[in-house]
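Quick notes on the structure that follows.
The values are calculated or read from the model by the stated rules, or taken from the named source; none is laboratory data. Not measured: the values here are computed from a predicted model. Here the Cβ positions follow ideal geometry from the backbone for every residue, glycine too, while neighbour counts run over all protein chains shown. What goes into the accessible areas is simple: the full protein's heavy atoms, side chains included, and nothing from ligands, DNA or RNA. Shrake-Rupley method; radii C 1.70, N 1.55, O 1.52, S 1.80 Å.
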Amino acid sequence: MADVEKSKYSRNESGSRKHKVAIGAVLFSVIVLTAVYVLIAYYYDSHFFPGTLVNGINCKNADVDTVMTGLRLFSDDYQLKVIGRNSQTMDTDQLLTISGKDIEYVNSVKEADVAVLLKSQNKWAWPSVLWNSRRQYTLQGAISWNQDRVEQILRDAQAFQKSNMVAPINAYLQGYSDAEKQFVIAPETAGTTLDMKKVEGVVFDALSNVQNTVDLIEEDCYIHADITSDDPSLQKKQEEANKWLGTKITYDWNGTKVVLAGEQLKDWISIEKGTAKLDEEKVANFVAENAKANDTYRKNRTFHTTLGYDLDLPGGAFGWLTDREAETAALIELIRSGSVCDREPVYTSKAPAKGKNDIGDSYVEADMTFQHLYLYEKGKIVLETDFVSGNMSNGNKTPQGVFGLTYKTRNATLRGANYASFVHYWMPFNGNVGMHDATWRSVFGGDIYKNSGSHGCINLPLGKAAEIYPYMTTGFPIICYYYPDGVLSGEHSALLAASSAATVGVVELEGTTSSQPSSVVIVENSGSEDEDDEDDDDEDDSTDNESAGGTEAGTSDTESTGAGNGDAESSDAGSTDSGEDSGSTDTGNEGTGSTDGEEAGSTDAGSEDTGSTDTSTDEGNDGGENDGAGGTETP
């Protein structure tokens, strides 16, 4: 028992000794570390921490005297690096190094200032240098340099020579970019032109502040471009050009779809002196090209006759005609507004149908070979009649072609060189050539026209003229033709003869008479009511109108030239139709004043039923010419 207790005591005593040794080791370590910490702190009470820079001098573990020695040496070793833009590459580069020795640079820092800086250092915080190893300080002493030398160095440097400087370039509207599909702005170029006064100022400041570098770009020493890419005025010009480019006009050009959009417009827009300019000549050419391709006015047409033949006929004052000047002006405005729309061009003449075959299904067909007229309405014949056309024997042949009604009027006096003849219905369609009633005739059709025809007009029975008149509107198609010799067989001739009345008697309308009034200078209204009531209000006017001339009978009360419809005589007797004037010869044209280049405004008269009208034509008394049935033709 005693042995066990003795062994237990021995173990406890051994453990206690080990514990005391461990405690002693720890205490010793703490004492040593504390001593080291205090000794190092004491060292940094008179020395700068590692990583300390004073005026660019590394002051690691240096005392005040060492730092002062370094600062004195630093004045000669001091350098200022000038950073800027390389004129060749436009990259940021070192342009110049100014040496302290070259400019007699002196920085007289006081020793007391260095000592104060050292005392501000917390010596007990020396372990922090292990994590924050760099500290920079600038001490201002009595800094001086030779300013003349500095200025000379700047003047002599290559980068600061005017001849080596590149001027900045303004941003500008560059033009159309195929990649971006729009007009783009070329950004400004910075250039390398320096404001030397400003350069000197920032260099002097850098020397005063003991800086080692100065960046002329950061210090804004370069001359800027006057116009930058974010300039509001420049951006507005870009927006305007791209607005024009965004135009999309989808035309219905006489039945043909024509699309004008950016791919074509980009070639019409140029940049001149930094501003977008629309080439108006190209706009006009576009209109002209499409007008030429799609207009039908005065163009030849193939016409399918009632008897079943296709005839190539010359074009008269009929068809689609683009008003090129008006459409060009309108299109220019649409482009400038960036319009996106569907559109028809401005026309001076229109036809009933669109396309090359624009006659439509309502028209007058005058078969001059068989002297027979058909009136079609919506594709069906609503009226037929024989007529008498221009006298073939004396050159007054009625011209063939496709025409449009110029206008219509009631109770007109037709005047020529030696006659004045009253008609109830006057419907001109080719200059002074027109359709009208001929109450002086009792027979129509057959071969009368060959030797006793008119001076070019289509003479109609009064009743048929009255029936035709209400169908007529301005531009109504009137097709006149002759069959070429040998085209028709005897079968067709017999068929036509069987369907036509060779003789048509004089038909008097209710309230009218077929006899001429006694006055032919100024025709008084006979008091009749027009069967086409659209112009009844005008029938009280008594007018003397010479030469319908392919224009509308107006309603003025003054003397007029052309197709006036006033109460005074019109005086345009000189406007006659080739093939109409007595003594004239048929040249095959459509009439004087109706030329290939005329605007269709000469056909768009539209005046109807103006009462009694005095119209100069070439239709009238031919000196007792036989009408083929024992009568004499007066007009």
* Asked: Which of the residues that make up the stretch 309-352 are among the acidic types (Asp, Glu), closer than 26 Å to residue 243 by Cβ and not in a loop (DSSP other than H, G, I, E, B)?
  -> 325, 327, 333, 342
* In this structure, is residue 139 within 30 Å of residue 228 (Cα to Cα) and either open to solvent by 60 Å² or more (accessible area, probe 1.4 Å) or more than 46 Å from the chain's Cα centre (by Cα) (or both)? -> no
* Asked: Does any residue of the stretch 155-174 turn out to be hydroxyl-bearing (Ser, Thr, Tyr) and more than 30 Å from residue 99 (Cα to Cα)?
  -> yes
* Output for the stretch 243-258, where each listed residue is assigned to a helix (DSSP H, G or I) and open to solvent by less than 40 Å² (accessible area, probe 1.4 Å) -> 244, 245
* Could you say whether any residue in the stretch 162-171 is over 49 Å from the mean Cα position of the chain (by Cα) and without any contact (Cβ under 8 Å) to a residue 24 or more places away in the chain? -> no
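Can you list the strands (runs of 3 or more DSSP E) lying wholly within the stretch 60-134 that have 1 or more residues being within 30 Å of residue 190 (Cα to Cα) and touching a residue at least 40 places away in the same chain (Cβ under 8 Å)?
79-85, 92-99
Could you say whether any residue in the stretch 142-151 is without any contact (Cβ under 8 Å) to a residue 40 or more places away in the chain and either in contact with a His (Cβ under 7 Å, 6 or more places away or on another chain) or closer than 30 Å to residue 65 by Cβ (or both)?
yes
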* To do: Return the pairs, sorted by first residue and then second, in which the second residue is surrounded by 16 or more Cβ atoms within 10 Å (Cβ to Cβ) and charged (D, E, K, R), the first residue lies in the stretch 191-214 and is on the phi < 0 side of the Ramachandran plot and in contact (Cβ under 8 Å) with a residue 60 or more places away in the chain, the beta carbons are less than 8 Å apart, and the residues are 6+ apart or on different chains.
  => 192/85
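Going by the structure shown, is residue 360 on the phi > 0 side of the Ramachandran plot and either within 42 Å of the chain's Cα centre (by Cα) or among the hydrophobic types (A, V, I, L, M, F, W, C) (or both)? I'd like the intermediate steps shown before the answer.
On the way: on the phi > 0 side of the Ramachandran plot: yes; either within 42 Å of the chain's Cα centre (by Cα) or among the hydrophobic types (A, V, I, L, M, F, W, C) (or both): yes.
Yes, satisfied.
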* Could you look through the stretch 161-210, keep only residues that are of a type in the set (Gly, Ala, Ser) and part of a loop (DSSP other than H, G, I, E, B), and pick out the one that is surrounded by the fewest Cβ atoms within 10 Å (Cβ to Cβ)? => 179
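Which residues, taken from the stretch 386-441, are of a type in the set (Phe, Trp, Tyr), open to solvent by 10 Å² or more (accessible area, probe 1.4 Å) and touching a Leu at 6+ places or on another chain (Cβ under 9 Å)?
Passing the criteria: only 422.
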* Structure fact -> Filtering the stretch 407-458 for residues that are in contact with a Phe, Trp or Tyr (Cβ under 6 Å, 6 or more places away or on another chain), more than 19 Å from residue 392 (Cβ to Cβ) and modelled with pLDDT of 95 or more leaves a count of 6
* Asked: If we keep just the residues of the stretch 91-117 that are open to solvent by 70 Å² or more (accessible area, probe 1.4 Å) and farther than 15 Å from residue 139 by Cβ, which is nearest to the chain's Cα centre (by Cα)?
  -> 91
* Which number in (1) buried (at least 16 other Cβ atoms within 10 Å of the Cβ); (2) more than 45 Å from the chain's Cα centre (by Cα) marks the one condition that residue 382 misses? -> (1)
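Here is a yes/no grid of residues against (1) closer than 30 Å to residue 378 by Cβ; (2) not in a loop (DSSP other than H, G, I, E, B):
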{"position": "427", "(1), (2)": "yes, yes"}
{"position": "436", "(1), (2)": "yes, yes"}
{"position": "441", "(1), (2)": "no, no"}
{"position": "444", "(1), (2)": "yes, no"}
{"position": "451", "(1), (2)": "no, yes"}
{"position": "465", "(1), (2)": "yes, yes"}
{"position": "474", "(1), (2)": "yes, no"}
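When only residues in the stretch 315-338 that are over 31 Å from the mean Cα position of the chain (by Cα) and crowded, with 19+ Cβ neighbours inside 10 Å count, which is nearest to residue 482 (Cα to Cα)?
316
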